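Asks: Before anything else, here's the structure in question.
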Amino acid sequence: MEGGTTENEFLEADAVLIAKALGDPIRLRTYSEIAQHQEICAGELRVCEIVTPATVSHHLQTLSRAGLVSSHRKGQHILYRAIPGRLAAYRRYLTRLDKRSANRA
């Protein structure tokens, strides 16, 4: 998934990916922590204290596939940062969905 998706390109499939990614409590906590930093190394995430490194890696991959985080290597570390525009597009999608539902009521 591309983090720069425009509002018109944001599809139901995008919404499903994000809903699934954030629907897991550990992934939601992970995303929230990443979003609080400009960038953060995976090993610095507090979630590493409660799940295995392999599980953290899996959750980070899921967040990345959903377009919610990006990463880059710096030396031996992989740094992650949130892509706020992606979450904003998801919120706009949900708002449009809510308005359509309200119009039918």
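Quick note: the coordinates plus some simple rules give every number you see, no bench work behind them. Everything numeric here is computed off the predicted structure, so don't read it as measured data. All Cβ positions, even for glycine, are placed from backbone atoms using ideal geometry, and neighbour counts span all protein chains on display.
Asks: For Thr30, Thr55, what ranking results if the residue with the fewest other Cβ atoms within 10 Å of its Cβ goes first? Mind dumping the intermediate values first?
Replies: On the way: Thr30 28, Thr55 13.
Ranking Thr30, Thr55 by Cβ neighbours within 10 Å, fewest first, gives Thr55, Thr30.
Asks: Once phi is turned into ³J(HN,Hα) by the Karplus curve 6.51 cos²θ - 1.76 cosθ + 1.60 with θ = phi - 60°, what whole-Hz value does each residue of region 48-53 show in order, with x for glycine and proline?
Replies: 5, 7, 10, 10, 6, x
Asks: Moving on. Rounded to the nearest 10 degrees, what's the angle between the helix 12-22 long axis and the longest principal axis of the chain, both from Cα atoms, 0 to 90?
Replies: With rounding to tens, the tilt is 40 degrees.
Asks: Which angle from 0 to 90°, rounded to the nearest 10, does the C-alpha axis of helix 25-35 make with the longest principal axis of the chain?
Replies: Taking Cα atoms only, the helix is inclined about 80 degrees.
Asks: Dipole size in debye (nearest 20) for region 8-99 around its Cα centre, Lys and Arg Cβ +1, Asp and Glu Cβ -1? If you can, show how the numbers build up before the last one.
Replies: Working: 13 positive and 9 negative charges, 31 e Å.
Roughly 140 debye, rounded to the nearest 20.
Asks: What percent does the relative contact order of the chain come to when contacts are Cα pairs within less than 8 Å and at least six residues apart? Walk me through the numbers on the way to the answer.
Replies: Working: 111 pairs, mean separation 38.1, N = 105.
So the answer I get is 36 percent.
Asks: Put +1 on the Cβ of each Lys and Arg and -1 on the Cβ of each Asp and Glu in region 8-99; which of Thr52, Ile40, Tyr93 then has its Cα farthest toward the positive end of the dipole?
Replies: Most positive-ward Cα: Tyr93.
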